[in-house]
Amino acid sequence: MTGAAGFAGCHLARALAGEGHEVWGTLQSGHAPPREPAGVRWVAMELTSPSSIARAMDEVRPERVFHLAAQASVADSFGDPAATWEVNATGTLRLVSALAAGARMLFVSSAEVYGVVADGEQPIREGTPPRPTNPYAASKAAAEMAVLEAALGHAGAHAVIARSFNHTGPGQDDRFALPAFARQLARIAAGMDEPVLRVGNLQARRDYLDVRDVVRAYLVLMERGVPGRVYNVASGQPHGMDALVEMLVGLSGTGARVEADPARFRAVDVPLLSGDASALRALGWEPRIALRQTLADLLGHERARLPATAEAA
C-alpha cells in the first residue's frame with residue numbers, strides 16, 4: 001500500500017490487518033517507520049524512481065496494490081505544479097508499469113478531476129468529462145489515463161479507479177478545511193484561543209463521506225470492481241460548508257464567532273461537487289456513518305491531540 005501512513009491509508013491498513021492480511025506499506029527513503037498503523041511491515045520506495053519501485057515490488061511481490069500516495073493538497077499544488085505532476089501522474093505511471101502479472105491494483109483518484117460541473121448535471125456520473133481547474137486535479141486526471149491504458153491496452157492489468165469525493169474523519173491533516181476548523185475549535189474550547197473561528201469560502205457545497213466508509217468502498221472495489229472502470233466514491237448528498245461549520249461549532253459547545261480569513265480562500269474553488277455512486281452501490285456498498293458522528297469524532301480527535309495542560313484548562 002502506498003500512502004499507508006497517510007490519512008485514509010492508516011484507516012485502510014488497520015482494516016486490512018484486522019482481517020488478517022499481511023500489509024506492507026511503502027516508506028520514503030530515510031524516513032523512520034511510523035508507530036501507526038500497527039501491524040504494517042514497511043518497505044522503502046520512491047514514486048519518483050523506477051529502480052526504487054522495482055526493488056520494492058521484488059521484495060514484497062504483492063497480490064494486491066492499493067495506491068493512495070500523492071501530493072494531495074490543492075493549495076500546495078499551485079505552489080509547485082511540476083512536483084505535484086511528478087509524484088501523482090508520472091509516479092502512478094511508473095507504479096502501474098511495474099505491476100506483476102496477476103496482481104490487482106486500486107488507484108485512488110479524486111473528484112477534483114471533474115472541475116466545475118453545472119448544478120443541473122449533478123450528482124456527477126463517471127461519464128462526465130474531466131475538466132480540472134487546479135494542478136492537483138490535472139495530475140490526478142493524467143494518472144487515471146496511465147491506469148486506464150494499463151488495464152485496457154496492451155498490459156491488460158487488473159486495475160480499478162476510485163474517484164473519491166470529499167471525506168474526513170479522525171486523523172485528517174489540518175491543511176484541509178474541516179480538521180483545520182475542528183482544531184481551532186478544540187483550542188478555543190480548551191481556553192487556548194479567543195472564541196473566533198477563522199474560515200475560508202463557506203459558500204461551496206461538498207459531498208462528504210466518513211473516511212471509514214471510504215475505506216470499506218476501497219475494499220469492495222479491489223475485490224469486485226471491473227478492471228479499467230472508474231467508480232465514484234460518494235454519498236450523493238452535498239452539504240454547504242456553512243452548515244458543516246455551524247454543526248462543528250454546535251458540537252464544540254464554544255459558541256465561537258465565525259470570521260472570513262482571506263488567506264484561507266483558494267485561487268479557484270469549485271462551487272458544487274456531488275457524486276452519483278450508483279455503480280459502487282451496485283457492488284454492495286452503502287455508507288453507514290452519519291456526518292454528525294463523523295464531525296463529532298473529528299472534534300474528539302483534535303481535542304485528544306492537545307497538550308494535557310490545555311485539556312485541563
Task: Order of Asp242, Asp276 - criterion: other Cβ atoms within 10 Å of each residue's Cβ, fewest first - done: Asp242, Asp276
Open item on the list: Over the chain, with a Gaussian network built from C-alpha contacts below 10 Å, which listed residue (Met222, Met105, Met57) shows the highest mean-square fluctuation?
Closed with: Met57
Task: Other-chain or far-sequence residues with amide H under 5 Å of Ala44's (modelled H) - done: Leu27
Open item on the list: Can you give me the long-range amide H partners of Val23? Hydrogens built in the peptide plane at 1.01 Å from N, cutoff under 5 Å, separation of 5 or more residues or another chain.
Closed with: Arg41
Task: Per-residue ³J(HN,Hα) for region 193-202, Karplus 6.51 cos²θ - 1.76 cosθ + 1.60, θ = phi - 60°, Hz, x for Gly and Pro - done: 9, 5, x, 10, 9, 9, 10, x, 6, 9
- [ ] Determine the relative contact order of region 130-219: mean sequence separation of Cα pairs under 8 Å and six or more apart, normalised by residue count, in whole percent.
- [x] 25 percent
Open item on the list: Once you order the gyration tensor axes a ≥ b ≥ c over the Cα atoms, which shape class does region 1-102 get: rounded for a/c under 1.5, otherwise prolate or oblate by comparing a/b with b/c?
Closed with: oblate
Open item on the list: With n ≥ 4 as the cut-off for DSSP H runs, can you work out [θ] at 222 nm for the chain, using -39500 (n - 2.57) per run divided by the number of residues, rounded to the nearest 500?
Closed with: -11500 deg cm²/dmol
TODO: Taking the dipole about the Cα centre of region 156-260, with the C-beta of Lys and Arg at +1 and of Asp and Glu at -1, give me whichever of Val196, Leu219, Leu244 is farthest to the positive side.
DONE: Leu219
TODO: Using only the alpha-carbon atoms of the chain, report the extent along each of the three principal axes, biggest first, to the nearest angstrom.
DONE: 58, 47, 39
Open item on the list: I want to verify a result. In a Gaussian network model of the chain, Cα cutoff 10 Å, which of these has the top mean-square fluctuation: Gly169, Gly240, Gly250?
Closed with: Gly250
- [ ] List every residue whose amide H lies under 5 Å from the amide H of Ala159, counting only residues 5 or more places away in sequence or on a different chain, with H placed 1.01 Å from N in the peptide plane.
- [x] Met105, Gly228
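Read-outs: derived from the displayed coordinates by stated rules, not from any lab. What you are looking at is a predicted structure, and each value in this text was computed from that prediction instead of being measured. Cβ: placed from backbone, ideal geometry, glycine included. Neighbour counts: every protein chain shown.
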